[in-house]
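The values are calculated or read from the model by the stated rules, or taken from the named source; none is laboratory data. What you see is a predicted model, and the numbers here were worked out from it, not measured in a lab. A quick note on method: Cβ atoms are made from the backbone with ideal geometry, for glycine too, and the neighbour counts reach across all protein chains shown. All accessible areas refer to the heavy atoms of the entire protein, side chains included, with ligands and DNA or RNA removed. Shrake-Rupley method; radii C 1.70, N 1.55, O 1.52, S 1.80 Å.
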Amino acid sequence: MVFLFINIIACAALVWASFNIDTRYGIHKSTHPLINLVLLCATLIGLMALVMVLCFWAPEKLSLVVGRLVFMLMMWFSLYVCDYLIQFPEFKRNRTIIIIEWVLNLSVFVIFFFVPGAFASLTITPEGQYAIESSKAFGGAFGSFLPISWFTFISALYLVLIPFVTVIVTLVRSENLKSALDRQRMRVNSLGVATVWVALFVISIAARFVPLMRTLVMLCFVPEVLLLVRAACAHEIVDIRTFGRGLLRVIFMFLIPAAVAGVTCYFMWPLASNSIALFLLAWVVSNVAFNVLWYLLVEFLLSKGFMRDRNYFEAFEKCLAQIDYTGKAKDIPEKLFKPFKKYVTVSNMNIMLDSGEGNLDTVWSSDGKNLSVPMENSGFDVLLNIKHPVVFREWLERDYNVAPARAQLLKMLEDTGAEAFILLSEGRRVIGMLLLYKKTDKNIFLPYDYSAFTKLYPQFFLAGYYMKNMMNESVVGTVNREIRMSGQIITSIQENMDLIKSSKVDAGYKMIPAHNIGGEFIDLIRLTETRHIIVIGSMSGKGIAASMNMVILKSVIRTFLSEIKDFKQLVEKVNLFIRDSLPKGSYFAGMFGLIDFNTDTMYYINCGSPALFVYTKAYNNVIEVQGEGHILGFVKDISPLVKVKKVKLAPGDVVMTCTDGLIETQSIRNEAFGKERIQKSLIENLMYPAAKIAQFTYDSLVKFTSKELEDDITVFVMKYLGGK
């Protein structure tokens, strides 16, 4: 009965595991061969349990028919595994293989059910008797030379010979693959087949002493199935170095402290005869002291790369945050490459930036390579469309989303010799690319690497943007070039905005830098047909540094929106980026708004905006609404300091917000323009479109000052028209 329960438990465990495999492997089709293998193996084990029950309590003929069926399915399962190995990893059906498989399946069916004596009887008793009666497969001289039964012959052919040939073919195929990960997977698959032979041998030996051990024969396939699953779910190459590091971590972090605890307990135990309290005190103090010193030693070894695991994100992020962008621009590439080399084990890196002539050209390379890649690459457009700037060769060879441009992108990797790249883009405009080469530990780029690179993408964009505009002396070497570049930046910001196209809203703005170079910006970002994000504000500083921070922040906000769905969380993450990633002392003063056309509501977070005015048609009056506001970039956790406020809008209402330049600009008499004049201008121009209201307000300021502006001016106006 014990063996019956073992089969039942194993069957249930495999059925449960099939659902787990579906989650881990990312399979959404129940017909996937891997899931089918697991379920078929579970079925075999369950049917074996049924055979035992029938042999114990059912008529002999019924148990014989079911027994023939089970062992026929056993042979079919072995063939199915061989077919899986032949198809792996592409799973492309081959007509010849299909025909051979069906012939073999039909053969075992005919032999077990129609050849007299081939499967004559099956006996399993609670007393421990187990026997399968089968007649000789061959007669005459050949039968004398090979005196084996039909069952033994079929078992040897289907469980040993055919799988052995399949393993040889699989190993030969694996040597011709370019993908090191696929080679490892195919070798693990072959090892899985070998475990069946070992398990069958062990059961045959054990059955000499306990005949009922043969009822566990279907469990021989469990290690095989587990290894097939392990191969399919593998995303990294396990080499001797990786295995050694893992073993050392276990020894240093667990085994040695545990051994010391045991040894100290042994030697201090005599103290317990005098005083239990003294024993416990001495044992605890000595172990605490040892573990503190041991912890410091282990941390030191980890910092030097000794025993370091692959979870490097925090250390990588910290290293990137320490890059000083206020120092020499030529030092930035080396500082950027350092964490890639130390934590990701990238052997070399090539930084390529837009040359302005239609190419991405090398500006820095760790191995001295000077490369050029045409920017007219349809693959770049595909990557921008699916928002996938981080690309690894392994992903590129498999993912269907990039299939239309796979050939071009793979050719680029072949031409450059790289294994991965990170595309740096500002909206739809590619500004650069980081080429990453093979890892020094011979591993591939892993899903963990992708997750880390995606989260740190704003840092890479920041470095690339600074290098693009600070390392190219021909661009920023003179004031005129600086002004020209700033004008291009401002133009690109305006062109990349998602203008509000809703019959409910008329929106317009005016943005004037005081000296053609400024850190102020407006961005309109479409979330859905009925929701729009509005960001207006200014970055600290003047000149080209402020304008670069402005463009970087604009790009980062859009990047964050691709993964963040919470309005307040977006502001919190932008604050953290400004504080940790932009040059020290950088801050943002402005406002984040969210317009919901379905509910006629504007949600907003004041981040140091000097004013937010709302004209209410019902009261024919302009009121100033202000939520609690705190400038972004000073504190690490701004969550307790910012609050989401909302304004209900009705047809005819007008929203106006501006930066401090409009309010604080003074006339020649040192009198500030002030909020009252802004409100007056708004009321006087209500009949005009939103863009005209913004323009007329700016004109009023120019007339008021009667002198050259000394501060940047940004005004945003939104007339709410209502309706459906």
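Return only the number of the condition from (1) more than 20 Å from LEU14 (Cβ to Cβ); (2) out of contact with any Gly (no Cβ under 8 Å at 6 or more places or on another chain); (3) surrounded by 15 or more Cβ atoms within 10 Å (Cβ to Cβ) that LEU212 does not satisfy.
LEU212 satisfies every listed condition except (2).
Please specify each residue of the stretch 401-425 satisfying the condition of being aliphatic (A, V, I, L, M), farther than 30 Å from VAL551 by Cα and touching a residue at least 24 places away in the same chain (Cβ under 8 Å).
Across the stretch 401-425, there are no qualifying residues.
Could you grab me the full set of residues in the stretch 385-403 that are open to solvent by less than 40 Å² (accessible area, probe 1.4 Å) and either β-branched (Val, Ile, Thr) or modelled with pLDDT of 85 or more (or both)?
Hits for the stretch 385-403 are HIS388, PRO389, VAL390, VAL391, PHE392, ARG393, LEU396, VAL402.
Any residue in the stretch 616-635 that is over 26 Å from GLU426 (Cα atoms) and in contact with an Asp or Glu (Cβ under 7 Å, 6 or more places away or on another chain)?
yes
Determine, yes or no, whether GLU175 is surrounded by fewer than 15 Cβ atoms within 10 Å (Cβ to Cβ), under 30 Å from LEU410 (Cα atoms) and not basic (Lys, Arg).
So GLU175 passes the test.
Restricting attention to the stretch 644-667, and to residues there that are in contact with a helix residue (DSSP H, G or I) (Cβ under 8 Å, 6 or more places away or on another chain) and closer than 24 Å to ASP523 by Cα, which single residue is most open to solvent (accessible area, probe 1.4 Å)?
The extreme case among them is VAL644.
Within the bounds of the stretch 343-353, is there any residue that is open to solvent by less than 40 Å² (accessible area, probe 1.4 Å), of a type in the set (S, T, N, Q) and at pLDDT below 90?
Among the residues of the stretch 343-353, at least one is open to solvent by less than 40 Å² (accessible area, probe 1.4 Å), of a type in the set (S, T, N, Q) and at pLDDT below 90, which makes the answer yes.
Take ARG406 and decide whether it is open to solvent by 50 Å² or more (accessible area, probe 1.4 Å), under 24 Å from ARG185 (Cβ atoms) and in a loop (DSSP other than H, G, I, E, B).
No: the conditions fail for ARG406.
Exactly one of these conditions fails for TYR619: (1) assigned to a loop (DSSP other than H, G, I, E, B); (2) within 49 Å of the chain's Cα centre (by Cα). Give me its number.
So TYR619 meets the others, but not (2).
Are there any pairs with C-beta distances below 7 angstrom linking a residue in the stretch 172-184 that is more than 15 Å from GLU397 (Cα to Cα) to a residue that is assigned to a helix (DSSP H, G or I), with the two at least 6 apart or on different chains, and if so which?
Listed by first residue and then by second, the contacts come to ARG173/MET186; SER174/ARG183; SER174/MET186; SER174/ARG187.
For the stretch 379-394, what are the residues that are under 17 Å from THR559 (Cβ atoms) and assigned to a strand (DSSP E or B)?
VAL390, VAL391 - these are the residues of the stretch 379-394 that are under 17 Å from THR559 (Cβ atoms) and assigned to a strand (DSSP E or B).
For the stretch 614-636, enumerate the residues that are touching a residue at least 40 places away in the same chain (Cβ under 8 Å) and more than 19 Å from LYS504 (Cα to Cα).
The answer is VAL622, GLU624, ILE631, LEU632, GLY633, PHE634, VAL635, LYS636.
Please specify each residue of the stretch 591-607 satisfying the condition of being more than 32 Å from the chain's Cα centre (by Cα) and either surrounded by 19 or more Cβ atoms within 10 Å (Cβ to Cβ) or free of Cβ contacts under 8 Å to residues at least 40 places away in the same chain (or both).
Within the stretch 591-607, PHE597, THR599, MET602, ASN606 meet the criteria.
The conditions are (1) out of contact with any Pro (no Cβ under 6 Å at 6 or more places or on another chain); (2) open to solvent by less than 70 Å² (accessible area, probe 1.4 Å), and ASP415 fails exactly one of them. Which is it?
If we test ASP415 against (1) out of contact with any Pro (no Cβ under 6 Å at 6 or more places or on another chain); (2) open to solvent by less than 70 Å² (accessible area, probe 1.4 Å), just (2) comes out false.
Residue-by-condition table, conditions (1) surrounded by 21 or more Cβ atoms within 10 Å (Cβ to Cβ); (2) within 29 Å of GLY674 (Cβ to Cβ); (3) modelled with pLDDT of 85 or more; (4) basic (Lys, Arg):
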{"position": "ASP580", "(1), (2), (3), (4)": "no, no, no, no"}
{"position": "THR616", "(1), (2), (3), (4)": "no, yes, yes, no"}
{"position": "ASN621", "(1), (2), (3), (4)": "no, yes, yes, no"}
{"position": "HIS630", "(1), (2), (3), (4)": "no, yes, no, no"}
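Scan the stretch 668-685 residue by residue and report those that are open to solvent by 80 Å² or more (accessible area, probe 1.4 Å) and within 12 Å of THR705 (Cα to Cα).
Those that are open to solvent by 80 Å² or more (accessible area, probe 1.4 Å) and within 12 Å of THR705 (Cα to Cα): ILE668, ARG669, ASN670, GLU671.
With the requirement that a residue be outside any helix (DSSP H, G or I) and without any contact (Cβ under 8 Å) to a residue 60 or more places away in the chain, what does the stretch 198-225 give you?
ARG208, PHE209
In the stretch 81-111, what residues are surrounded by 18 or more Cβ atoms within 10 Å (Cβ to Cβ), free of Cβ contacts under 8 Å to residues at least 60 places away in the same chain and under 17 Å from ILE35 (Cα atoms)?
ASP83
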